[in-house]
Amino acid sequence: MDVPKDYMTTLLDHGLFASAQMLGSFLVSSSSVNHETSPHLKAENLVLLGDALFREKEYRRAIHAYKQALHCHRIIPKQNASAIRSSLSASTRSSSPNSFNISTINENEVKFKIASSHCALNENRAALLEMEGIPSKARNLQMNLMMGKLYRNSRHTRAAITCYKECLRHCPCIIEAIIALAELGVAAKDIISLFPQTPTRGARSTFDHFDSSRWLQRYVEAQCCIASNDYKGGLEFFAELLRRFPNNIHILLEMAKVEAIIGKTEEAITDFEKVRSIDPYVITYMDEYAMLLKLKSDYSKLNKLVHDLLNIDPTRPEVFVALSVLWERKDERGALSYIEKSIRIDERHIPGYIMKGNLYLSMNRPEAAVVAFRGAQELRPDLRSYQGLVRSYLAISKIKEALHAAREAMKAMPQSAKALKLVGDVHASNTSGREKAKRFYESALRLEPGYLGAALALAELHVIEGRNGDAVSLLERYLKDWADDSLHVKLAQVFAATNMLQDALSHYQAALRINPQNEAAKKGLDRLEKQLKGVDPDAPEEDEENDVEDADADQEEAELL
């Protein structure tokens with residue numbers, strides 16, 4: 001009355017994992033198969049049961065079954081081991097974790113399955129311990145890729161690079177490995193050198209090999225540009241690839257993510273919407289899209305996006321970040337709980353940390369915001385984490401720390417107008433630094449003449465120093481090309497500061513026509529009443545103790561400028 005093992009493998013092959021799990025309990029409890037008389041059969045049955053449990057996401061039970069299998073396997077008498085293996089070699093099965101259905105016991109493969117189960121439970125240390133028990137020569141492609149991820153999560157950078165490089169030596173098209181190596185600081189030429197250089201036979205095959213190799217090289221160069229904060233260069237390479245592969249969802253998403261980071265909001269929104277028109281079930285980077293919709297105060301689209309994401313897969317970290325974005329306006333504490341959930345799901349999800357930092361800033365908790373933005377930077381520094389750190393440090397009057405973060409951004413992105421503006425923002429926070437701030441804002445505008453953020457900041461500086469006419473003439477130049485609510489708000493504020501209240505009123509109204517949810521415009525209309533009463537709502541507070549003098553850094557700034 002034994003349970004035929006073939007039934008078990010058939011159920012696994014056909015994806016009937018619940019049935020396989022129940023049948024597996026009969027298989028491993030059979031009185032004719034036990035670890036004393038038939039340890040090899042017992043081990044096989046336990047592995048099959050573990051496979052069913054793994055696919056049913058019962059990872060702890062799977063680990064338990066796999067470990068029992070290894071125990072049975074290790075007690076097989078040495079003298080019989082070779083005979084057992086030869087008797088079982090007839091039915092070789094895949095070692096892939098995506099098809100856990102082997103019928104022979106390979107200790108390294110079972111260890112890999114145990115590690116995969118630990119990874120599913122976010123137990124990276126336990127997974128790494130299992131994987132390190134597999135000799136390097138015995139590791140296949142999947143094992144090396146997992147090792148790379150685990151070493152990277154554990155901040156063992158050199159070991160991670162070695163594993164990812166080994167992956168690309170076997171197969172150059174492992175996009176995950178290319179992105180990881182780029183983010184770990186490996187140069188594009190070093191990554192490309194790992195690709196097999198020997199083309200397949202035949203003239204046509206040779207041409208195809210060259211052509212496929214060329215687009216892959218462009219992809220490597222794009223990712224290395226992005227990783228080194230050369231966003232412009234990365235976007236150019238991605239645009240070239242998009243011409244070769246129109247409507248490529250992956251490329252469109254990569255471009256949209258970069259555009260979101262560098263503040264190209266309209267372009268990013270366009271690319272995200274194109275992706276959703278091609279495939280409405282994409283979740284990747286949709287939390288970035290949610291943040292852009294909130295920035296534009298497009299709450300109807302934001303509501304629909306979150307509703308769609310919840311229907312697609314409510315377990316993904318992007319969904320909880322998007323929920324946090326939606327709830328921020330209604331309930332900041334609720335939004336914070338959603339963002340904590342996203343980070344618990346994936347502790348390496350950078351938008352979660354960025355959103356968490358922004359939430360803490362809006363809740364007037366800048367010290368906590370610093371921790372969140374630092375968390376994002378430890379994973380991968382980008383412009384937004386630098387911007388968040390500078391804002392947070394300025395909010396708690398840590399001017400030196402803010403200046404250090406801004407200068408780090410400038411070193412990392414020497415051709416970025418937004419990095420130059422960050423340094424200007426820090427200097428502008430001090431009376432003695434306003435002249436320096438002016439130079440940085442002007443340099444940012446020379447580098448990127450259409451950068452509205454620098455123009456608004458420079459206009460604010462003009463107002464503070466009483467040059468209201470200069471502020472107005474600067475901002476009015478941008479009115480021709482920008483239908484932007486923040487531009488109208490700034491003009492309204494300048495006119496209000498010069499008691500030109502009717503002009504201020506018209507610009508506040510223009511801002512609200514563009515964006516009815518603009519809080520600054522709403523508050524500005526209220527402030528007009530205060531100005532009519534003779535009260536200055538924007539009286540600056542001087543803090544002489546925050547003057548920063550750093551001769552070496554000033555020289556460094558001068559060279560960069």
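The values are calculated or read from the model by the stated rules, or taken from the named source; none is laboratory data. None of the values given here were measured: they were computed from a predicted structure. Glycine gets a Cβ as well: all are built from the backbone with ideal geometry, and neighbour counts include every protein chain shown. SASA here: full protein model, heavy atoms, side chains in, ligands and nucleic acids out. Shrake-Rupley method; radii C 1.70, N 1.55, O 1.52, S 1.80 Å.
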Requested in this report: At 4 °C and 1.567 mPa s, grab the translational diffusion coefficient of the stretch 384-490 from Stokes-Einstein with a Kirkwood Rh over Cα pairs, rounded to a whole number in µm² per second.
Outcome: 93 µm²/s
Query raised in the report: Can you give the FRET efficiency for residue 502 and residue 295, using 1/(1 + (r/R0)^6), R0 = 30 Å, r = Cβ-Cβ distance, to the nearest 0.05?
Result: 0.50
**Report entry** In the stretch 115-179, trypsin sites (Lys or Arg not before Pro) in a DSSP loop with at most 13 other beta-carbon atoms within 10 Å
**Finding:** 155
Report task. Using Cα centres only, tell me the gap between the stretch 408-450 and the stretch 332-390 in whole Å. Result -> 24 Å
**Report entry** Cleavage-rule hits, chymotrypsin sites (Phe, Trp or Tyr not before Pro), the stretch 481-512, DSSP coil, Cβ neighbours within 10 Å at most 16
**Finding:** 482
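Can you tell me how much longer the chain between residue 380 and residue 248 gets when fully stretched, taken as 0.36 nm per residue apart minus their C-alpha distance, in nm with one decimal? All intermediate terms of the calculation are to be shown ahead of the outcome.
Values: separation 132, 0.36 × 132 = 47.52 nm, distance 2.49 nm.
Contour length minus Cα-Cα distance gives 45.0 nm.
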**Report entry** Cross-link partners of residue 189 among lysines (Cα-Cα below 16 Å; sequence separation of 8 or more within a chain)
**Finding:** 165
Requested in this report: Compute the distance in nm between two label points, each set 7 Å from the Cα along the Cα-to-Cβ direction, one at residue 434 and one at residue 337.
Outcome: 4.7 nm
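Taking every pair of distinct Cα atoms and averaging 1/r, then inverting, what Kirkwood hydrodynamic radius in Å comes out for the stretch 449-534?
On the way: mean 1/r = 0.0788 Å⁻¹.
Hydrodynamic radius (Kirkwood, Cα only) of the stretch 449-534 equals 12.7 Å.
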Query - Contour excess over end-to-end distance, with Cα ends at residue 396 and residue 479 and 0.36 nm allotted per residue - result: 26.5 nm
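Percent of accessible area on the stretch 252-329 owned by carbon and sulfur, 1.4 Å probe? Don't skip to the answer; put the middle values down first.
Numbers: 1690 of 3160 Å².
Solvent-exposed carbon and sulfur of the stretch 252-329 make up 54 percent of the total.
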Query raised in the report: If you take the C-alpha gyration tensor of the stretch 359-444, multiply each eigenvalue by 5 and take the square root, what semi-axes do you get, largest first, in whole Å?
Result: 21, 16, 9
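Would you calculate the convex hull of the Cα atoms in the stretch 338-399 and tell me its volume per residue in Å³?
Working: hull volume 4.0 nm³, N = 62.
Expressed per residue, the convex hull around the Cα atoms of the stretch 338-399 is 64 Å³.
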**Report entry** Cα Rg, Dmax (largest Cα-Cα span) when computed across the stretch 389-437, Å
**Finding:** 9.9, 29
Report task. Note the direction-averaged projected area, equal to a quarter of the hull surface, for the Cα convex hull of the stretch 282-399, in nm². Result -> 6.8 nm²
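How about the stretch 325-377: which trypsin sites (Lys or Arg not before Pro) there lie in a loop by DSSP and see at most 10 other Cβ atoms within 10 Å?
Details: sites: 329, 330, 333, 341, 344, 348, 356, 374; in loops: 329, 330, 348.
Here the trypsin sites (Lys or Arg not before Pro) that fit, given the DSSP loop and packing criteria, are 330.
Take the Cβ-Cβ distance between residue 214 and residue 129 as r, set R0 to 41 Å, and report the resulting FRET efficiency rounded to the nearest 0.05. Intermediate results must be reported in sequence, preceding the final value.
On the way: r = 41 Å, r/R0 = 1.01.
With R0 = 41 Å, the Cβ-Cβ based efficiency is 0.50.
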**Report entry** Descending principal axes extents, the stretch 231-308, alpha-carbon based, whole Å
**Finding:** 34, 24, 15
Query raised in the report: What's the extension gain from residue 7 to residue 283 if we count 0.36 nm per residue and subtract their Cα-Cα distance?
Result: 95.6 nm
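How large is the accessible surface per residue of the stretch 126-177, computed with a 1.4 Å probe and reported in Å² as a whole number? Spell out each step's value before the answer.
Numbers: 2690 Å² over 52 residues.
Result: 52 Å² of accessible area for each residue.
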Query raised in the report: Equivalent-ellipsoid semi-axes (√(5λ), Cα gyration tensor) for the stretch 238-282, whole Å, largest first?
Result: 16, 14, 7
Query raised in the report: In nm, to one decimal, how far is the residue 464 label point from the residue 193 one, both placed 7 Å along Cα→Cβ?
Result: 4.9 nm
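Here are some pairs, 356/398; 57/113; 257/418; 149/411; 330/523; 294/330; which of them have Cα atoms lying more than 22 Å apart in this structure? Display every interim value, and only then the final one.
On the way: 356/398 20 Å; 57/113 13 Å; 257/418 17 Å; 149/411 28 Å; 330/523 18 Å; 294/330 13 Å.
Flagged as over cut-off: 149/411.
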